[in-house]
1. Just give me the residues in the range 73-101 being out of contact with any Ser or Thr (no Cβ under 6 Å at 6 or more places or on another chain) and of a type in the set (S, T, N, Q), in sequence order.
2. Anything in the range 555-567 that is out of contact with any Leu (no Cβ under 7 Å at 6 or more places or on another chain) and buried (at least 24 other Cβ atoms within 10 Å of the Cβ)? List them, or say none.
3. Could you tell me which of the residues 142, 193, 136, 109 is at pLDDT 90 or above and not hydrophobic (A, V, I, L, M, F, W, C)?
4. From 105, 48, grab the single residue that is touching a His at 6+ places or on another chain (Cβ under 6 Å) and in contact (Cβ under 8 Å) with a residue 40 or more places away in the chain.
5. Conditions first: (1) modelled with pLDDT of 75 or more; (2) surrounded by 13 or more Cβ atoms within 10 Å (Cβ to Cβ); (3) out of contact with any strand residue (DSSP E or B) (no Cβ under 9 Å at 6 or more places or on another chain). Residue 205 passes all but one, so which condition is the exception?
6. May I ask you to verify whether residue 155 is of a type in the set (Phe, Trp, Tyr), within 24 Å of residue 586 (Cα to Cα), surrounded by fewer than 22 Cβ atoms within 10 Å (Cβ to Cβ) and in contact with a Gly (Cβ under 9 Å, 6 or more places away or on another chain)?
7. Would you mention how many residues in the range 553-603 are closer than 22 Å to residue 69 by Cα, modelled with pLDDT under 95 and touching a helix residue (DSSP H, G or I) at 6+ places or on another chain (Cβ under 7 Å)?
Amino acid sequence: MASKVIPVINLQEFGVVKDTPTVGLASNIFTDAKNMRFRDMAAWKMKGDVALIENLNPSMSAAPGSTTAGEIVFVTWWNNPNLISSGQTYYVFIVEQINGGNVVGHRAYLYNPGSGSIQDVTPTTLNSNAGFQSGYTATGEYKGGWQATEFAGGFCIIINNGLDKPHYIMDLSGNTTIGNVPKFAALPAWDSYNTKNIILEATVAETFGVAETGTGGDADADKVTPRNIRLFDLGSKIDFTVATLFVTKQTPNETTTECVPIAAKTNAGTNAPNQGAIDKDFVPGDLPTVADEIGTNPAGTNFQYGLYTDTETNTTNIIFNTGIVSKDVVRVYLVSRKPITNTCGVIRAFGNFLVAGNLKEVTSDGTINEMPGVVRTSDVAVPGSVPQNWNPFAPGTNTADEFTLSDTATVQDMVPLQGNMFIYTNTSIHKLYLTSSVVTPVAFTPVTSQYGCQTTNGIVEFDGRHLVIGSNDIYIFSGNPGNITSIADAKVRDYFYKNLNNVYADNLFLLRNQSQDEIWICYPKGSSAKKCNEALVYNFRLNNWSIRELHGVIAGVMAPVKGVSTSDSERPWSNTTVNFNKLYPVLAQQTTGGSNTKANLLGADIGYNHRVLDNSDDPYTSYLQRESMSVTPEFYTEQFNSIALLTQG
């Protein structure tokens with residue numbers, strides 16, 4: 001009888017292939033695997049995970065009433081330079097705040113894994129001390145999405161949930177005490193774009209080049225000489241039902257002083273101001289032919305102004321009293337009567353700038369202005385601080401800017417690469433780059449409209465390239481659209497997108513497990529509610545795939561972990577320090593058992609047990625599977641006698 005040897009060698013070459021029909025696969029391709037990795041000419045059992053801190057139950061603020069800790073929703077690593085020399089570091093984690101069985105907010109905590117210290121860093125002024133918004137829909141979906149970015153050389157960390165303003169902590173250089181770390185605070189001047197827009201900045205008398213005594217009267221003279229040297233046209237007609245004015249004067253080399261609105265001397269209009277706020281029903285009177293200075297009311301009040309409507313130009317005019325003299329600089333700001341709160345879907349650091357995308361403006365009356373394709377850049381930050389301005393129209397030296405992308409899709413994430421910032425929407429990629437210009441330091445250009453990113457945290461950089469989870473493919477982008485390469489086609493692409501729970505797709509996140517040359521795509525599979533229960537593992541050196549199981553994972557980050565002892569083969573350093581030479585996947589796990597039944601922080605790729613949902617450590621299964629291996633390419637084979645698999649360890 002004819003016989004044939006079918007070699008199964010070079011197990012690392014392909015790994016797992018899910019999409020191609022099995023009968024046509026090479027003999028060293030596997031059709032399924034669990035908790036295995038392919039490298040070093042073999043298939044290796046992946047290591048499991050251990051609880052770095054279990055039954056996470058930090059103390060809650062009692063401000064909203066009796067509260068308890070709920071589920072953990074986010075974790076990130078803050079590589080604070082103050083702690084590196086002592087072998088310490090910080091994790092930042094977010095947990096629900098529960099009152100009466102309901103989530104009333106989210107609280108932020110610092111955790112030092114070496115010392116075990118936990119510090120509440122939630123701003124006490126945020127939402128009446130209930131913390132960051134709860135943000136859940138009636139069916140339990142979270143309306144926001146957590147992400148973090150470091151700034152100012154790591155001394156600053158910024159977190160954002162898409163519902164509140166971005167918040168930051170700026171630690172003082174040299175501070176090694178967790179109790180002295182400031183609480184989170186809203187980014188300064190975050191709303192500066194909408195708070196005050198300057199509509200006039202002028203110098204009295206010099207604006208018109210006339211003497212202090214210059215006045216006008218008839219129409220012909222008005223063409224050359226102004227009606228009054230203290231009269232200025234604001235350039236548009238102000239609707240006082242929706243806006244008011246903030247007016248200042250500054251004498252050179254002196255401080256700025258606010259000016260007070262009063263009734264104009266002639267044609268005061270209706271509901272005219274009287275040393276107070278401008279009423280929303282105020283209608284200025286018509287500008288007279290001769291606009292005399294307004295008087296002071298009461299006497300002794302130095303800096304006042306009145307308002308007119310110029311019927312010829314249909315614009316609002318402002319006139320000051322004689323307290324404003326030649327060479328004084330006057331500034332008029334337009335202020336909305338509806339305070340606006342700005343939020344963003346994502347914010348990232350780019351050099352000395354911050355860049356925010358997927359913006360939303362919400363007025364005090366609930367009016368929402370969605371701007372999913374708008375990107376704003378901050379002013380340049382002074383070293384050791386965060387940016388102090390986001391308004392492109394602010395006076396003085398200013399590098400803040402705003403861009404509207406060339407498509408209508410939503411900005412999902414923004415990740416640096418090769419000195420540029422690449423902006424990913426659902427369907428496109430744009431490049432933000434530095435121009436070396438003092439006036440316009442950044443600019444942007446479209447890259448491609450054929451590829452994008454599915455969700456925030458769906459991109460990771462490795463070896464000068466991006467691995468991206470697109471809306472219909474997993475691909476590598478190296479900065480040039482001509483080099484975009486699918487790494488999942490005919491392997492795991494169909495498997496991934498068919499199994500991804502699209503209701504909770506925003507919970508997907510990526511980890512670069514550098515020590516194993518792997519990228520983990522952690523995602524909610526099938527009917528998993530919110531939590532990630534599987535990771536597709538891509539070896540970017542060998543271009544192969546495998547699969548790892550997860551249990552109740554909601555977020556993760558690569559970070560150093562605390563040691564065990566010198567006798568431990570995996571973590572042979574002190575259990576009161578971390579080792580920065582190797583980073584591990586640190587996972588936030590939502591549990592169903594244990595003393596708190598809410599949350600753990602796990603260190604993954606450690607040991608050979610899994611921390612499962614009931615909060616116990618269980619041995620886990622690893623296997624390889626190959627279906628439908630062809631045995632008849634060259635012979636009319638009638639039987640398959642045996643197969644042997646060598647296992648070691």
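1. Once the filter is applied, which keeps residues that are out of contact with any Ser or Thr (no Cβ under 6 Å at 6 or more places or on another chain) and of a type in the set (S, T, N, Q), the range 73-101 yields 76, 79, 80, 85, 86, 88, 89.
2. 555
3. Of the residues listed, the single one that is at pLDDT 90 or above and not hydrophobic (A, V, I, L, M, F, W, C) is 109.
4. After ruling out the rest, the residue left standing is 48.
5. The number of the failed condition is (1).
6. In short, yes.
7. 0
The values are calculated or read from the model by the stated rules, or taken from the named source; none is laboratory data. Bear in mind that the values here come from a model prediction, so they are computed numbers and not experimental data. Reconstructed Cβ throughout: ideal geometry from the backbone, glycine too, with neighbour counts over all protein chains shown.
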